[in-house]
Amino acid sequence: MKEVINHIKSNKENYINELKDYLRIPSVSTSSSHKKDMLTCAKFVSNKLKDAGMTKVKIIPTKGHPLVYAEWLKAPGKPTVLVYGHYDVQPVDPIKLWKSDPFEPVVKGGKIWARGANDNKGQNFVHIKSVEAFMKTQKKLPVNVKFLIEGEEEIGSENLELFLKKNQKLLKCDAVLISDTSLYAEGIPTINYGLRGLAYMEVEITGPNKDLHSGSFGGSVANPINELAKLINKLQDKNGKITIPNFYKDVIPFTKKENANIKSLNFSDAKYAKELGVNELQGEKGFNTLQRLWGRPTLDCNGIWGGFTEEGAKTVLPSKATAKISMRLVPNQNPDLIAKEFTKYVKTLVPKSVKVKITAMHGGSPVVIPLDDPAILAASKATSKAFGKKTVYTREGGSIPIVVDFVKLLNAPAILMGLGLDSDNIHSPNEHFSLKSFELGVLSSAYFLDEFSQLNK
Ligand code: BES
Ligand code: MN
């Protein structure tokens, strides 16, 4: 191990430069204008996997953006790990708020700043580099390794889901290793054991058949924006409970052990509120912040538009108003059932004076991973060695839709070896990733391969 670790420590600068090249590719999966960049990025990843010494490196086309697959299976009798990550990134808007070009990475203050620096290029790159460190110094890996890096995580991983269903044999493994989540705090090694799910909806309200003068017509017909606002308001009560019928029916409460773990983490509401610039936190009554984030479902409006939003004032009674509304889900809520309940309920809330169109967009199932699997323990030991501290266990508020399919279809535990920080501005302007976490991530990954090889198959 010593050689591997020394190799990693002495190649830090090279890794950062390579990561910069990765971050320069604007692989925004949501927007069709970036289709070419997606392929460029898939090629970049596949070249890095080849350089790392992986074999059978393939770019696999899908109905959407391509997948990248690679394997190295020359450790007979040893377990197999499947490393999953995504090379697609979120859009950059609002671009005005970026302090530097989102696709021209800058190193400043011990961090690398660019879209995808944390989510997920910086985090998946650590595993490519740890494999490379073994291959360069030992000419072999201690376990069998497969890589699957996709380009559609940020848009729901639907094509990967189809691929997974048809390629269970190809992807067969003893554990799935994923770094696409967060550390509990800077410098604290963390294994995440839960992710929330998601049901994402769009609601369009239509009133009059055209925009109207708000003086000539205001007061005589429904205003779609007003009606949409009323509707959104009705989706939660004064205690922060979601009012959709049957919404909480399948929610599994925290166990005593989980509550004890939360207590032991000593979360500071005051510090959290300060970092976010709010005077007070707010959420579902009867739960603390970590419970709310990790184990309670939520409903949030992600965007709302209609009428006149340009500079100045225009007196208009708009014809349409639209909102994007998403619900974070927890085990055992089912995103399809929740989307149906939402649709049914919202239809009852709108008055006859307007029409409503409800579209279910992408979703994802929540997941909780049992912590007693030996692969999880190996990962916990590995991160602890790399960081020089005891590993903590957390759940996440975010979602990685494919994880549940990995667990179910491959019958393998998912190891969520999160390396980001909640303050890294993922999905937001000025995304960044700590270079310290990047290095400790490469080390954690290397230690994991070593620890994992000591498990009997
Ligand atoms: N890396 C995130 C998931 C995440 C977010 C983990 C926050 C930990 C903290 C992932 O790339 C992501 O953003 N997922 C989406 C999935 C959605 C589009 C289906 C999410 O959670 O919004
Ligand atoms: Mn993301």
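Rule-based calculations on the coordinates, nothing more; no lab input. Please read all numbers here as calculations on a predicted model, not as lab measurements. Every residue, glycine among them, receives a Cβ derived from its backbone with ideal geometry; neighbour counts consider all protein chains shown.
For this structure, a couple of remarks:
- Taking the Cα centre of the chain as reference, the dipole from Cβ charges on Lys and Arg (+1) and Asp and Glu (-1) amounts to some 740 debye.
- Over 25 Å apart at the Cα level, from the set K58/K108; K12/K136; K35/K320, are K58/K108; K35/K320.
- Once the convex hull of all Cα atoms in the stretch 271-427 is built, its volume per residue stands at 189 Å³.
- Computed about the Cα centre, the dipole magnitude for the stretch 331-406 is approximately 400 debye when only Lys and Arg (+1) and Asp and Glu (-1) carry charge, each at its Cβ.
- Exceeding the 23 Å Cα-Cα cut-off - candidates K249/K340; K74/K389; K2/K129: K74/K389
- Pair-distance distribution of the stretch 170-243: all C-alpha pairs, bin width 5 Å, starting at 0; shares per bin in whole percent are 3, 9, 12, 11, 10, 9, 10, 9, 7, 7, 6, 4, 2, 0.
- Each residue of the chain gets 155 Å³ once the volume of the Cα convex hull is shared out per residue.
- Principal semi-axes of the equivalent ellipsoid, √(5λ) from the alpha carbon gyration tensor of the stretch 1-69, are 28, 16, 7 Å from largest down.
- Backbone HN-Hα couplings from phi across the stretch 27-32 [Karplus 6.51/-1.76/1.60, Hz, Gly and Pro as x]: 8, 8, 6, 5, 10, 5
- Taken along its principal axes, the alpha carbon cloud of the stretch 65-152 reaches lengths of 54, 30, 15 Å, longest axis first.
- At q = 0.27 Å⁻¹ the log10 of I(q)/I(0) for the stretch 144-211 amounts to -1.32, computed by Debye summation with a single uniform scatterer per C-alpha, solvent ignored.
- DSSP beta bridges fully contained in the chain are about 70 percent antiparallel.
- Tail beyond 20 Å, pair distance distribution of the stretch 120-270 (Cα, percent): 74
- Kirkwood hydrodynamic radius of the stretch 1-157, from inverse mean 1/r over distinct Cα pairs, in Å: 16.2
- The alpha-carbon of K99 sits under 13 angstrom from the alpha-carbons of these aspartates and glutamates, leaving out residues fewer than 8 places away in its chain: E431.
- By average C-beta atoms within 10 angstrom, highest first, the peptides 200-207, 384-391: 200-207, 384-391
- Here the translational diffusion coefficient of the stretch 207-312 follows from Stokes-Einstein with Rh set to the Kirkwood radius across Cα pairs; for 10 °C and 1.306 mPa s it amounts to 90 µm²/s.
- When each of the peptides 104-113, 363-372 is scored by how many other beta carbons lie within 10 Å of its residues on average, the order from highest to lowest is 363-372, 104-113.
- The charge dipole of the stretch 158-226, taken about the Cα centre with unit charges on the Cβ atoms of Lys, Arg (+1) and Asp, Glu (-1), comes to about 340 debye, rounded to the nearest 20.
- Overall dimensions of the stretch 102-144 by Cα: Rg and Dmax, Å: 13.8, 37
- Entries in K43/K381; K78/K385; K96/K234; K314/K347 that, when Cα-Cα distance is taken, lie over 32 Å: K43/K381; K96/K234
- Principal-axis analysis of the Cα atoms of the chain puts helix 224-234 at an angle of about 60° to the longest axis.
- In the stretch 223-274, trypsin sites (Lys or Arg not before Pro) in a DSSP loop with at most 12 other beta-carbon atoms within 10 Å: K238, K249
- Environment charge of Y193, counting only residues whose C-beta is closer than 13 Å and scoring Lys/Arg +1, Asp/Glu -1: -1
- If you take the alpha carbon atoms of the stretch 359-457 and fit the smallest convex hull around them, that volume is 120 Å³ per residue.
- Shown here: the stretch 289-332, whose C-alpha atoms stretch 45, 20, 11 Å along the first, second and third principal axes, sorted largest to smallest.
- log10 of Debye I(q)/I(0), alpha-carbon scatterers only, for the stretch 295-358 at 0.19 Å⁻¹: -0.88
- P(r) weight above 18 Å for the stretch 202-249, C-alpha pairs, percent: 46
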